[in-house]
Structure formats: structure tokens, C-alpha cells
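Below is one structure, written out as C-alpha cells; comments come after it.
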Amino acid sequence: MQSQDVAPRQAPAATGPVDLEQAEAALVEHYPRLVRIAYLVLPPGLGRSRRVLTAHSLAQRAVPRGRKQLSAVPARTAGRDTDPGYACLRQRVLRAALEAARPRKGLARLAPLPPLLPQVWGLRLFPRSGGADELALDQRLSALSGPARAAYVLRGLERLPDPDVHRILGAAGVDDPGGALAAANSVPAQHALLSSPEFDPCSLQARPTDLMRRRQHTKAALAAAAALAVCGTLALLPGGGWGPDGAAAPAYAENPSAQAALDPGRLTRVPPTAWESAARTDFSVWPARGPLTGDEALLRRALAVWARPGETVHVSATPGTQTGGPAGPPQLLYAGEVDNARVVILYDGLRIARYAEPRDGTQGAALDFARVDGASGAEASALVLGRSDGNVRYLTAPWVTRAAARDLTKPASAATALAVTDGITAPLASPALQPGSCTSWTVLQLTDASGTRLSTDLGELVPAHLTAGRPGSAGEASGTEALRSWAPFACSLAAERSAGIRSVNAWGYAEQPLPDGSGSGDWVCTRAETWRGEGTAALAQFHTPGGAAGAVVAKGTDVPACGPRDPHVLAGVLWKSAGGHWYLLAAGSRDTASIRATGGVTASGRGALLAARAEQGARADLKGTLADGRSITGLR
């Protein structure tokens with residue numbers, strides 16, 4: 001249970017020395033931001049894994065030991081810079097990152113030692129891949145000097161004006177802040193990309209270090225013993241006998257099945273009209289589309305990178321998705337140019353793999369994976385083709401007849417038709433790339449012979465299917481009542497970005513009269529289902545009359561509440577009336593017979609609704625009894 005009436009904290013201006021306690025509090029509050037700044041400023045030559053660890057090390061050491069106060073920071077802007085602790089730590093992180101990026105001479109040119117802490121052994125850590133635009137921006141930033149990268153980051157990520165950037169760079173030890181600002185002008189202003197997962201060293205993927213090299217070292221150390229063992233085994237085996245692995249090929253052997261999976265000539269290509277007579281509507285009946293489906297060199301690169309991604313490949317996958325090579329020749333869904341990249345999309349029956357390489361032929365590539373096992377109908381109606389400039393393009397299923405964009409926060413507004421060429425939609429705004437506060441939420445509306453459906457981009461290859469209604473009998477979210485139900489809670493979808501979401505349902509389970517007679521509040525439970533099964537999230541949300549958006553008041557992870565297996569829910573909120581009085585409001589689904597509150601508020605009542613006077617900040621535990629006598633507890 002959470003309070004709905006919370007005012008943002010305002011910090012004093014950064015005009016004097018900063019207490020150590022203030023700096024420590026700022027480090028805890030703004031740690032992800034400080035690590036992102038350090039990661040962006042550090043020299044790319046360190047490699048992504050070393051940059052991640054070094055960025056965390058610099059942020060963790062921004063607060064020095066044994067000092068009571070830190071010096072003030074020359075910044076006079078609003079936002080985070082009104083917090084002197086944050087401004088001070090940012091300066092210290094910048095100074096340390098710039099020192100690491102400064103060119104060295106003589107013996108100092110040797111690679112610096114890795115940070116003492118944190119350390120990771122046997123794994124390489126790197127941020128999630130963002131796409132072709134983020135890859136191109138990373139390459140442009142790598143060509144800048146450390147001070148120029150810092151100027152670009154302060155401008156774009158921190159939204160600081162040039163005079164403040166000049167002062168901060170000077171305080172961080174940059175000899176020529178003006179030159180750094182001028183050099184930063186050579187990179188196009190794509191500031192929204194700096195907030196993407198590509199540059200987030202706090203949301204990481206892990207891959208093993210060079211397993212083959214480790215194996216080679218082990219083999220070299222044991223070569224003589226292995227040779228003796230093999231000779232002894234061969235001497236003892238009868239003629240034509242089996243080894244312990246039977247007829248299996250040796251590990252890493254180039255067997256025919258593995259080679260077939262890498263042959264572009266063996267790719268499965270479905271005829272354009274196969275879906276019309278197929279008994280199912282899934283990715284297996286999608287035809288191969290795009291102008292580069294005959295480019296064997298491109299297809300061969302895509303298959304080879306899927307099987308053996310190199311150091312320059314940015315690999316990302318939805319949670320629970322394997323990134324290994326295909327077991328056999330996959331199905332080709334698309335090959336063509338999208339924005340500044342050449343893109344290949346493949347399907348192996350369980351996963352979608354999207355390969356992208358820069359169109360200008362520069363080094364580097366991106367490889368993204370998503371689980372789609374069991375996808376059918378709405379879940380197999382669209383794939384993300386590419387994202388750029390805050391927009392997204394989709395590749396739609398062959399059975400889709402119309403496409404449109406709709407703002408989910410404005411249910412009365414009409415959908416905007418999208419042009420579709422060879423299955424590819426015109427660009428539409430992507431909420432996954434939406435920076436700052438949420439004022440709209442654009443979704444994809446697709447129509448086919450069976451009806452109209454809504455899907456939303458949550459930062460992955462497969463958009464999430466949106467539904468509305470009671471669990472177990474929910475319908476499409478495209479109807480008039482469903483759109484009204486979703487509108488106040490659309491922005492809560494931001495909590496489900498990059499979580500492997502398959503579908504999200506909104507269930508309006510109760511309407512509660514407010515104690516001051518000002519109207520009624522709406523209770524809605526949104527439940528996000530994942531492709532992997534675990535990780536489901538149920539959010540209880542409350543919306544009062546006149547409010548632009550609902551408030552998330554309780555959450556449950558991996559719980560059956562609000563789902564088809566247990567279509568029940570109970571949640572509460574501490575609500576403040578216009579007259580300044582505080583109340584505990586609680587609501588259960590329609591089959592709730594009674595509700596009882598204990599702890600900071602003691603109250604009980606019959607039925608599915610409860611309202612009781614409370615004190616500000618009070619916390620209560622909720623329990624309910626269903627009509628069949630079963631007990632349920634409130635989401636927290």
C-alpha cells in the first residue's frame with residue numbers, strides 16, 4: 001500500500017561546501033546516472049566490459065574517505081544541479097573519467113590496470129544493444145577526445161547550456177573547454193539516444209570470456225597425458241567398438257548439420273501466398289520480404305555472426321532467451337536496408353533473431369534475440385524492424401490489411417492511418433524511446449480479417465499485445481470501453497520495458513465512491529505476462545476524477561493475482577481529500593465478501609470496498625475473504 005499524495009523533494013542550491021553525508025545520499029540516489037556519465041566519457045579503447053567495471057569503480061570512489069566536506073561545484077542550473085551533492089559527485093566522476101581518457105606518453109602508454117573493485121572473473125559484462133543508431137553514435141563519440149565526449153554528454157544527457165558545460169569542464173581539469181565544445185559540435189545532436197539501454201552500464205548482459213582460448217591453454221598443459229590416454233583407450237577397444245559418446249561427433253566439429261545452418265542457400269523461404277491456405281497464423285507462414293533477400297554475402301554474414309558473434313558484435317536478448325546458434329537452417333523473414341543499417345530477420349521456430357550492420361561498411365554489428373515460442377495471431381502480427389530518431393518501424397504479418405497509430409492516453413482521438421509498403425509500416429513514435437515524463441503513449445493498431453488489435457513497443461523485437469477485461473475472458477484493447485479503461489494507465493507500461501513481455505491486460509475490477517463526495521475512483525489491475533513464464537508483474541492502480549493518469553499503489557511479481565488462474569485482487573491506497581483529510585481506501589474484485597485492515601489503520605467492512613479515516617504516512621495490512629470463504633491478502 002502506498003500514498004498517492006507525494007511531493008517531490010527539493011534540494012538547496014549548490015552554493016557552499018557539501019557535507020560528506022549529503023554527498024553519500026546523492027550517490028545512492030543518482031548512482032545509475034553517474035555511472036552512465038562515466039561510461040560515456042571513458043575511452044572506448046578500454047573495451048565495453050572494462051568500461052563498465054571502470055565506470056562503476058569511478059562512481060563508487062566519487063565520495064572520498066575521511067573528509068567532512070567537499071568543495072562546491074560551479075553550476076547554476078535547475079534540475080539535478082539544484083542538489084549540490086549530485087553536482088559535486090558529477091564533477092569528481094568527470095575528472096576521474098577524463099584522467100583515464102587523457103593520452104599518455106612513454107611507459108604511461110601501457111594499458112592501465114583494471115580497477116581493484118568491482119572485479120568479475122570468467123565473464124564479460126556489457127550493456128544491452130540499442131540498435132543501428134546507437135551503434136553509429138557510439139562510433140562517432142569514440143572518434144572524439146575525452147573532453148569533447150564529456151561536453152557532448154553534459155549537453156545531451158544533463159541538458160546543460162554551453163556556459164555551464166564550459167565551467168564544469170574547467171573545474172574538471174580540461175585545459176580548453178571551448179575547444180571541447182567546438183569538437184562536440186561535429187557529432188549530430190541525438191541526445192535522446194544517450195538514455196538508451198546501449199549506454200546503460202547498470203543494465204547488463206553477461207557472456208563468458210574466450211572459452212576456446214581457455215580450452216586451448218588447458219589442452220596445451222595436458223597434451224602429453226591426453227595422448228597417452230587416447231593411445232591406451234584405442235589399444236583396449238575391440239575392433240569397431242563404440243566410445244562413451246557413441247556416434248556423436250567430437251565437440252566443435254564441423255558436422256553437416258552445423259554447416260547447413262550456415263549456408264544461405266539452405267535458408268527456408270516460404271511462398272508469398274502460403275499463409276492463405278495455412279491452418280495457423282504464426283511466423284512459420286511469413287514469406288521472405290525485402291530487397292536484399294538475394295544478397296547471399298549479407299545472409300552468410302548474418303548466419304555466421306549468429307553462430308559465432310565476435311568481440312565487436314553487440315548481442316542482446318529478452319530475459320530467458322538463449323543466444324546460441326540455430327540447430328538447422330532457419331527461416332528468412334526479411335533482408336533489406338532500414339535507416340542506416342542493413343537488416344536480416346530470421347526465425348528458427350522458437351526465436352526471432354535480428355542482425356543489423358552499418359550500411360556504410362564500418363566495423364561492428366548488432367544481434368538481437370526474442371522468444372516467440374507459441375506465438376500466434378496477434379502475437380505473431382508484427383516485428384520491430386528498426387528504431388531511429390524516436391520512431392519505430394514494424395514488419396507486419398502478410399494477413400494484416402491495415403495499420404494505424406493510436407495514442408493510448410487519448411481514447412476519444414481517432415487512429416492515424418499508417419502507410420504499409422511490402423509489409424513495412426511508415427515510422428511512428430516509439431514509447432520505448434520516449435525521454436522524460438510521459439505525456440502520450442503511441443501504440444500500433446493492426447486490422448485483419450478477424451478484427452483489430454493493439455500492440456506496443458517495449459524496447460524489444462516483438463511488440464507486446466494489449467488486452468482488456470476480466471482475466472480468463474479478456475478481449476482486445478481496441479474497443480471503446482477498453483480504450484477508456486487503458487487511457488489513465490497507459491504510462492504505467494513504461495515499467496515493463498525490456499522485460500520480455502508477451503502481453504499486458506488491464507482489468508477494471510472496482511469503482512469506489514470517494515469519502516468526500518467528490519466522485520468515484522477507478523481501480524484497475526494491469527498484469528504483464530512474459531514469454532518465459534516467470535517474471536509476471538501485477539500492478540494495482542487507482543485513478544481519481546480529474547486526474548490525468550492513474551497511480552500505481554501496489555505490485556506483485558510472480559503472483560497469480562489478476563491472472564486467469566486466480567482472477568482476484570485486493571489493494572489499498574492512502575488518499576488525501578481536497579479538504580486535507582487522509583483516508584485508507586481499499587478495494588477487492590467483485591467476489592470479495594469482506595475486507596479487514598490492521599497495523600497503522602484498523603478497520604473492517606463487508607463487501608468489496610473499504611474506506612476509513614487514517615493518519616498521513618500510516619501503513620496498513622489488508623486481508624480479504626472471498627464469497628467461497630477463501631482468504632486473500634492485499635498486493636503491496
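The values are calculated or read from the model by the stated rules, or taken from the named source; none is laboratory data. Note that the structure is a prediction, hence the values are computed from the model and not measured. We place every Cβ from the backbone using ideal geometry, glycine too, and count neighbours over all the protein chains shown. The accessibility values were calculated without ligands, DNA or RNA, using every heavy atom of the protein model including side chains. Shrake-Rupley method; radii C 1.70, N 1.55, O 1.52, S 1.80 Å.
Using the Karplus relation 6.51 cos²θ - 1.76 cosθ + 1.60 with θ = phi - 60°, the per-residue 3J(HN,Hα) values for region 444-454 come to 8, 10, 10, 10, 9, 5, 8, x, 10, 9, 10 Hz, with x marking Gly and Pro.
In order along region 161-170, phi translates into HN-Hα couplings of x, 4, x, 5, 4, 4, 5, 5, 5, x Hz, rounded to whole numbers, per the Karplus curve 6.51 cos²θ - 1.76 cosθ + 1.60 with θ = phi - 60° and x for Gly and Pro. Each principal axis of region 467-613 carries a Cα extent, and these read 44, 29, 26 Å when sorted largest first. Coupling constants for region 382-395 follow from the phi torsions by the Karplus curve (6.51 cos²θ - 1.76 cosθ + 1.60, θ = phi - 60°), and in residue order they are 7, 9, 6, 8, x, 10, 6, 6, x, 10, 9, 10, 10, 9 Hz; glycine and proline get x.
Sorted by accessible area (1.4 Å probe), largest first, how do ILE424, ILE595 line up?
On the way: ILE424 35, ILE595 5 Å².
If we order ILE424, ILE595 from most to least accessible, we get ILE424, ILE595.
What FRET efficiency would be calculated for the residue pair ALA449, ASP516, taking the C-beta separation as r and a Förster radius of 51 Å, to the nearest 0.05? Each step should come with its number before you reach the end.
Values: r = 50 Å, r/R0 = 0.98.
For R0 = 51 Å, the calculated efficiency reads 0.55.
Just so you know, the Cα atoms of region 345-431 work out to an Rg and Dmax of 14.9, 47 Å. Determine the share of region 298-343's accessible area contributed by carbon and sulfur atoms, expressed in whole percent, with a 1.4 angstrom probe. Percent of accessible area from carbon and sulfur atoms in region 298-343: 46. The accessible-area ordering, largest first, of the residues SER145, SER577 stands as SER145, SER577, per a 1.4 angstrom probe.
Across all Cα atoms of region 324-480, the radius of gyration (one decimal) and Dmax (whole number) stand at 16.1, 51 Å.
Charges were assigned to the Cβ only: +1 to each Lys and Arg, -1 to each Asp and Glu. The resulting dipole of region 431-574 about its Cα centre is roughly 120 debye. For region 382-462, the equivalent ellipsoid built from the Cα gyration tensor has semi-axes of 20, 16, 10 Å, listed from largest to smallest. Evaluated at q = 0.21, 0.30, 0.32 Å⁻¹, the base-10 log of the normalised Debye intensity for region 23-67, with identical point scatterers placed on the Cα atoms, takes the values -0.65, -1.03, -1.11.
Put simply, the amide H of TRP441, placed in the peptide plane, has neighbours under 5 Å in LEU408, THR409, leaving out anything fewer than 5 places away on its chain. Taking amide H as placed 1.01 Å from N in the peptide plane, ALA510 has its amide H under 5 Å from the amide H of TRP523, each at least 5 places away in sequence or on another chain. Surface calculation, 1.4 Å probe, protein heavy atoms: VAL559 sits at approximately 40 Å² accessible. Kirkwood radius, region 257-372, all distinct C-alpha pairs, inverse of mean reciprocal distance: 14.4 Å. When you count the other C-beta atoms within 10 angstrom of each residue and take the mean per peptide, 376-382, 274-280, 404-410 line up highest first as 376-382, 404-410, 274-280.
With q set to 0.11 Å⁻¹, the log10 of I(q)/I(0) for region 549-636, from the Debye formula over equal scatterers at the Cα positions, is -0.29.
How would you rank 531-544, 169-182, highest first, on the average number of other Cβ atoms within 10 Å across their residues?
Output ranking for 531-544, 169-182: 531-544, 169-182.
Taken about its Cα centre, region 511-580 carries a charge dipole of roughly 120 debye when the Cβ of each Lys and Arg holds +1 and the Cβ of each Asp and Glu holds -1. Ligands, DNA and RNA aside, CYS202 has an accessible area near 60 Å² when probed at 1.4 Å. Per residue, region 518-636 exposes an accessible area of 45 Å² to a 1.4 Å probe, with every protein chain left in place.
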